[in-house]
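Enquirer: Quick one: the structure is below, and I'll ask about it shortly.
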Amino acid sequence: MLSIQSKLRYLFMFLGVQLVVMALLSREGYQKRVTYFIRIFRKSEGAGHNLSVSGSDVYANLSVLSRAPPSSEVMTYCPQTSPYIRGPIHVSFPSGLTLAQVQRKNPLVVRGGRYRPPDCESRHRTAIIIPHRNREHHLKFLLYYIHPFLQRQQLNYGIYIIHQAGNYTFNRAKLMNVGFREAMRDEDWDCLFFHDVDLIPEDDRNTYVCDANPKHAAIAMDKFGYKLPYNLYFGGVSALTPLHYLKMNGFPNNYWGWGGEDDDIGVRVSLGGMHITRPSVKVGRYKMIKHKLDKGNDINPKRFNMLSKTRQSWKLDGMNTAEYEIISRKYLPLYTNITVEIGTEAGLHTPPAAAQPAPPDSAKPDQKQLKS
């Protein structure tokens, strides 16, 4: 009898030690498993709201917008804060996406990439300006996300793709000057967002409306570890009112190639008597579509020397000296495409027609007009 009790005692002691050791070794794994099941439970509990741990589907709550507009001819203003805003958005880049699919997902977007809320009068009119050349793959992903993103914010908006014709060195800032001027000829926009084609917003609380001062919206990109790389950084996505734009004389026209123009623009904000505002790091998050440096957009070796002279050059080079020629303007289902000849470092110059690639819409030029 005694031997049996001793054996049981040793057995229980052995099992106890094993349990303690296993608990210590698997504590972290156990916590992860518990957290996993809690998340699964919360996900199923919140299924009615189409939310998940990694963010909501950007199209999740827009089906209600397909309802017929109110019978009254006079609509009230939209709420100060849109009821469709949900916060973090799940962003991925599935293969096989087409513009036709994006168009079907956005039935309320009309010719030229224009939209206004069907059930209320928007408080804000925002134009999205996207400098572009040979980035059709990135463009379709941006359009897939940006349309529902802006609709969730109940904005009256339009999307403008400013496509640089020819094979000469890319000039992002000058294309943004073109975009500002051409968009303002379409409508009296009260805010303009200058948006890189490869950046996707990850939180719809990052509202695309202007502040009292120029706003830098892309404060936390994944390529920078979701941190602001340096205090004067003004790249990626930024917002200006027409008054802001005039105060800083627009953007520089002489930055050919990659780099420098964002910092020049940041200095212009200060020289124009303004300062940069930003959303929080948690809200101003963007995911970048990975890509290599574009052909025809080599690093600008003159950028640092040019930056050192911004204080002397900003009133002499900007919106007041932007020269370009419109090759075509096409109102497509998801955006307005403006193909433009912006010249070279030597000045405005139109290369032979054979050297010019077809614009994204494959349309023949329908007008040619000198802008100055």
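The values are calculated or read from the model by the stated rules, or taken from the named source; none is laboratory data. Keep in mind that this is a model prediction, so the values were computed, not measured. Don't worry about glycine lacking a Cβ; one is built from the backbone with ideal geometry, like all the others, and counts go over all protein chains shown.
Enquirer: Looking at segment 173-183, can you tell me whether even one residue there is under 20 Å from residue 319 (Cβ atoms) and aromatic (Phe, Trp, Tyr)? Walk me through it before giving the result.
Expert: Initial filter on segment 173-183 (under 20 Å from residue 319 (Cβ atoms)): 173-183.
From what's left, aromatic (Phe, Trp, Tyr): 180.
Yes: one or more hits.
Yes/no matrix, rows are residues, columns are (1) over 17 Å from the mean Cα position of the chain (by Cα); (2) without any contact (Cβ under 8 Å) to a residue 60 or more places away in the chain:
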position	(1), (2)
213	yes, no
219	no, no
233	no, yes
253	yes, no
264	yes, no
278	no, no
286	no, no
302	yes, yes
306	yes, yes
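Enquirer: Something else: Could you grab me the full set of residues in segment 91-112 that are within 21 Å of residue 126 (Cβ to Cβ), touching a residue at least 60 places away in the same chain (Cβ under 8 Å) and either touching a helix residue (DSSP H, G or I) at 6+ places or on another chain (Cβ under 7 Å) or not assigned by TED's automatic domain parsing to the domain that holds residue 289 (or both)?
Expert: Result: 91, 102, 106, 109.
Okay, residues lined up against (1) among the polar types (S, T, N, Q); (2) under 25 Å from residue 183 (Cβ atoms); (3) surrounded by fewer than 18 Cβ atoms within 10 Å (Cβ to Cβ); (4) modelled with pLDDT under 95:
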| site | (1), (2), (3), (4) |
| --- | --- |
| 78 | no, yes, no, no |
| 81 | yes, no, yes, no |
| 86 | no, no, no, yes |
| 91 | no, no, no, no |
| 101 | yes, no, yes, no |
| 106 | yes, yes, no, no |
| 112 | no, yes, no, no |
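Enquirer: Here is a further query. Condition first: in contact with a helix residue (DSSP H, G or I) (Cβ under 8 Å, 6 or more places away or on another chain), surrounded by fewer than 24 Cβ atoms within 10 Å (Cβ to Cβ) and at pLDDT 95 or above. Can you find one or more residues in segment 119-126 that meet it?
Expert: yes
Enquirer: Of the numbered conditions (1) in contact with an Asp or Glu (Cβ under 8 Å, 6 or more places away or on another chain); (2) surrounded by fewer than 24 Cβ atoms within 10 Å (Cβ to Cβ), residue 187 fails exactly one; give the number of that condition.
Expert: (1)
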